[in-house]
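Student: One structure coming up, written as structure tokens, with questions to follow.
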Amino acid sequence: MKRLIIILTLLPAAMICAAQKINRAEYFIDTDPGFGKGTVYSLPSPGGKPVVEFTANLTGVTSGDHILYFRARDASGRYSHLYAHAVKVTLSDIGDTEAQSWFRMYPSPSTGTLMIDLSDLQGSSVKFTISDLNGRTVYSGELEGGSTTLSLDLPAGIYMVAVESDDKVFEQ
């Protein structure tokens, strides 16, 4: 079975309410199947640590760029923001699967502050663009590989994010 091990920290900003205990977590690849319909991650101790280590099943995932999403649910039934993790999957001729992560951004949705993790692109220049649904660029810049916080004062709405580095592209 093809698997990808992911370690992430659910920061208080990424959780709905730090006082609520997390009782369910789920992940999905590329397409959101709906709340409660993702692949369930069994919590070792509900309400426990905000650091999560889990193994994502990659069976059936094709070669190319994919987005792995993760979210948690609290005791009141409210879900956290999505945690997005971009990976490049390569399938070899002999059936081996290699998955390399290169971009993570959270929380989604955001209240204006985004955590951007490009640590797998250390030393690389990364073009980062945010556009509104009319195609107008509302933020554009070059980021260096590493982790950074980006604070934006934008009206509530839906925005498109594009990240480019060498042959890697993430658009959502």
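Every read-out reported here was derived from the displayed coordinates using simple, explicitly stated rules and does not represent laboratory data. These figures come from a predicted structure and were not determined experimentally. Please note: Cβ atoms are built from the backbone with ideal geometry, for glycine as well, and neighbour counts cover all protein chains shown.
Student: Of all residues in segment 68-102, count the ones that are polar (S, T, N, Q) and in a loop (DSSP other than H, G, I, E, B).
Tutor: Step one: filter segment 68-102 for residues polar (S, T, N, Q), giving 76, 80, 90, 92, 97, 100-101.
Subsequent filtering for residues that are in a loop (DSSP other than H, G, I, E, B) retains 76, 80, 92.
Total meeting the criteria: 3.
Student: Answer yes if at least one residue in segment 103-120 is polar (S, T, N, Q) and farther than 25 Å from Gly145 by Cα, and no otherwise. Walk me through how you get there before you give the answer.
Tutor: Quick first cut of segment 103-120, residues polar (S, T, N, Q) only: 108, 110-111, 113, 119.
Add one more test, that the residue is farther than 25 Å from Gly145 by Cα, and what stays is none.
The answer is no; no qualifying residue exists.
Student: Could you please find all residues in segment 129-158 being surrounded by fewer than 12 Cβ atoms within 10 Å (Cβ to Cβ), not in a strand (DSSP E or B) and not aliphatic (A, V, I, L, M)? Talk me through it step by step, then tell me what you get.
Tutor: The first filter runs over segment 129-158 and keeps only residues surrounded by fewer than 12 Cβ atoms within 10 Å (Cβ to Cβ), leaving 133-137, 140-142, 147, 149, 151, 153, 155-158.
Next cut, not in a strand (DSSP E or B) only: 133-136, 153, 155-158.
Across segment 129-158, the qualifying residues are Asn134, Gly135, Arg136, Asp153, Pro155, Gly157.
Student: Of the conditions (1) in a strand (DSSP E or B); (2) farther than 22 Å from Tyr27 by Cβ, Asp65 satisfies every one except a single condition; which number is it?
Tutor: Failed condition: (2).
Student: Checking the condition within 29 Å of Thr39 (Cα to Cα), crowded, with 16+ Cβ neighbours inside 10 Å and not polar (S, T, N, Q), which residue from Val126, Val161 passes? Show your work before the answer.
Tutor: Working: Val126 fails: within 29 Å of Thr39 (Cα to Cα).
Testing whether each residue is within 29 Å of Thr39 (Cα to Cα), crowded, with 16+ Cβ neighbours inside 10 Å and not polar (S, T, N, Q) leaves just Val161.
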